Amino acid sequence: MARLFRDAYGVPHLRADSVTDLAHGQGRVTAHDRAWQLEWLRLRATSGTAAVVGGEVAQAWDAFARGARLEETARRAYDGCTPETQAFTRAYAAGVNAGLAASGPAAVPELAHLGQVPGEWEPWTPMATFLAQQVLFGTIGSQLWDRLAREVLGDDARLLSHEGPQAAGSNAWVAGGGRTASGFPLIGGDPHRNLEQPGVYQQVRLVCEDPDDSFDVLGYTFVGVPGVQHFAHASEVAWAITNACADYQDVVEDGSGLPLGNGLSVRTASWVLGALGFDALLPLLRARTVDDVDRAFDHWVEPVNNLVIADRGGALRYRIAGRVPVRDDAGEWVGWLGEPNRADAGPDGVLVTANERRGPESAAVGSSFSPPYRAERIRALLGDRVGLTAEDFAAIHDDALLPTVGLLSRLVPGAFDDFDGVMAADSAPAARFAAWRSALVRRLAAEPALAGLLAPGPAHDHGPLFAWSMDPVVHLGLALPTLAAEALAGRAPFGIDLPALARAALDDIAGADLPASWGETHVAQPTHALAEAGFDAGIPLLPVSGDQDAVRTMGSWPGITDAATRGAVARYVWDLADRGAGGWVVPTGASGLPGPHHADQLRPWLEGRLLPIVTDWDQLVEDSAFAKNASA
């Protein structure tokens, strides 16, 4: 059986004598800490949300999940796994069921609010919940938008190409031992997703004490999934990912895929292959070297990610992880990308990935990537520095310089000479710049040349699930730097005099009652699935630094809202010299339940601080009732 220990922030540390006991214990502690979240994920994966919470969005999600055959794909994926992987996920699901049975719905505010009794988890449910959390972070929304933009704007639609509002971005970087104070590599990064409460990631440590199968791994796991997947430190080796912006989903009109509505269907790598890549989970836990992690991710299917790895031997590697289809001239899938674009770096090297187009090799991976601003800024901050520490990496996390300020300000020379470009929460110039930017986006959206985007007709109405993906104001805000570059080069985008609009936007804010600081309106705004049902998660809206294209990504939506609904859902530094010298943090807390660990990481996260990683068992507190309840 598993034993449970916790650190001062309630992070679970589990140790067990076998892999299956460990998985069972991980399922149990997740059920204790995240019972409502597990039930919500199960409902989403099995098209059951509308029956519980009702509403237009829930109905749209359930219809999408049925059409995308999430449950069937998960069942196929489970059946296709090795017996060992099946036993691992089966033990986890059994632990979830045991934990849910022990806690009772009355002790969970959301379940009590709904009068909901959690349903049974099947062995394949972890795969279904994982797929439900990932399926909209591919390119379906951006492809639907691109169809509309091309129809209205023709070739000029390229000017509105940008990582979409639902995409999962990230930063990740690694420095070799020749660049660090310890002489061992450092990995840092932060995944960017919608801010949610409870959070999508769970901090966890998993220790197997079987002498023939021992490992000690800590990192972030997706709630509802066994093991540790995308961000982990396994003592001798560590790894991290970013979204590769790969085209592993195709929206098509020939009915050859899964039904999407409006005469469209979607092909996905997971549906075509009947796999997700869960056979990577156990090899990742057992990894000791860069090569071990690399081989483990050979099993990965989707989402397709950029992967950086480093080990104590000094090896550093980048690769694509996941299955990217190869297409013929007609767009049919005829195979899979064979070369994962591996790149090694020496002890004096660095590797950086931030969802950007990496080079000519990216053409075979995807068609629309994030702008290069974050990647370029991280490289600039690393520069040729030596003696790097975890504190230096944490400072990179916290860098709130918005690289596009200089470009946009050229539209109105002299108007923002007092602004250093740092989107700090306490900055008045940042607030004024943001107000002008929003005014400019609103004026741009009102231009007759773009009217077709605002009223596209029923063929482009894809319902509430894709409303943000289809919102032209969202896309104009994201693409504003691209449009500014066109205008400043003497090419009026869409025939619009952008500098004239920029000057008019200055007039719009002149004399207006502007926020005293950026943080007055730029507040972290985690969403809760039951917010529209009247449930209050109890998370205050607090000022936060950063912005969409800053390294400290805290996405606002110019022309719509300054609130940050998307940003870093975790931050980490993995120190290969000493795990305890690294750090980690999440936006709220380790627990979804009211209590000391519901939001005790919120303040450090807002302030850009990392919390200590504690691995000494003597500094952890054992929950003796956990083992006692397991044997009852």
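General remarks:
- If R0 equals 45 Å, the separation of the Cβ atoms of Glu622 and Arg342 corresponds to a calculated FRET efficiency of about 0.60.
- Here the ratio of the Cα radius of gyration of the stretch 265-325 to 2.2 N^0.38 Å is 1.22.
- Nearest-0.05 FRET efficiency for Arg503 and Arg379, computed from C-beta distance (R0 56 Å): 0.95
- Cα-centred dipole magnitude for the chain, charges only on beta-carbon of K, R (+1) and D, E (-1), debye, nearest 20: 120 debye
- Computed Rg/Rh of the stretch 231-335, alpha carbon atoms with Kirkwood Rh: 1.09
- Degrees between helix 70-80 axis and first principal axis of the chain (Cα, 0 to 90, nearest 10): 50 degrees
- When you restrict to C-alpha pairs under 8 Å that are six or more residues apart and normalise by the size of the chain, the relative contact order lands at 18 percent.
- Degrees separating the helix 56-67 axis from the principal Cα axis of the chain, which is the longest one: 70 degrees
- Largest to smallest principal axis extent of the C-alpha atoms in the stretch 81-161, angstrom: 58, 40, 14
- Evaluating 6.51 cos²θ - 1.76 cosθ + 1.60 at θ = phi - 60° for every residue in the stretch 249-264, the Karplus couplings come out as 10, 10, 8, 10, 10, 9, x, 7, x, 7, x, 10, x, 6, x, 10 Hz, glycine and proline recorded as x.
- Using a simple spin-label model with pseudo-atoms 7 Å out from Cα toward Cβ, Ala485 and Asp536 lie 4.6 nm apart.
- Residue-normalised accessible area of the chain, given per residue in Å² at a 1.4 Å probe: 35 Å²
- The stretch 403-566: mean projected area of Cα convex hull, nm²: 10.9 nm²
- The region of the chain that goes longest without hitting one of the GluC sites (Glu not before Pro) in a DSSP loop, each with at most 14 other Cβ atoms within 10 Å, is 333-606.
- Computed over the chain, the ratio Rg/Rh where both radii use C-alpha atoms and Rh is Kirkwood: 0.95
- Segment Asp513-Asp426, length gained on full extension (0.36 nm per residue, minus Cα span): 29.6 nm
- Shown here are the Rg and Dmax of the Cα trace of the stretch 236-294, at 16.6, 51 Å.
- D (Stokes-Einstein, µm²/s), Kirkwood Cα radius, the stretch 10-108, 1.002 mPa s at 20 °C: 144 µm²/s
- For the pair Ala112 and Val272, the difference between a 0.36 nm per residue extended length and the Cα-Cα distance amounts to 53.6 nm.
- Accessible-area composition of the chain, carbon plus sulfur, in percent [1.4 Å probe]: 50 percent
- Averaging Cα coordinates gives a centre for the stretch 316-359 and one for the stretch 369-427; these two points are 27 Å apart.
- Stretching the chain fully between Leu454 and Arg327 yields a gain of 42.5 nm (0.36 nm per residue, less the alpha carbon separation).
- Between the beta carbons of Val334 and Asp155, assuming R0 = 22 Å, the FRET efficiency works out to 0.20 to the nearest 0.05.
- Legend: translational diffusion of the stretch 1-56 by Stokes-Einstein, Rh = Kirkwood radius over C-alpha pairs, 10 °C, 1.306 mPa s; D = 122 µm²/s.
The values are calculated or read from the model by the stated rules, or taken from the named source; none is laboratory data. None of the values given here were measured: they were computed from a predicted structure. Note: ideal-geometry Cβ built from the backbone for every residue, glycine included; neighbour counts use all protein chains shown. Side chains included, ligands, DNA and RNA excluded: accessible areas come from the protein's heavy atoms. Shrake-Rupley method; radii C 1.70, N 1.55, O 1.52, S 1.80 Å.
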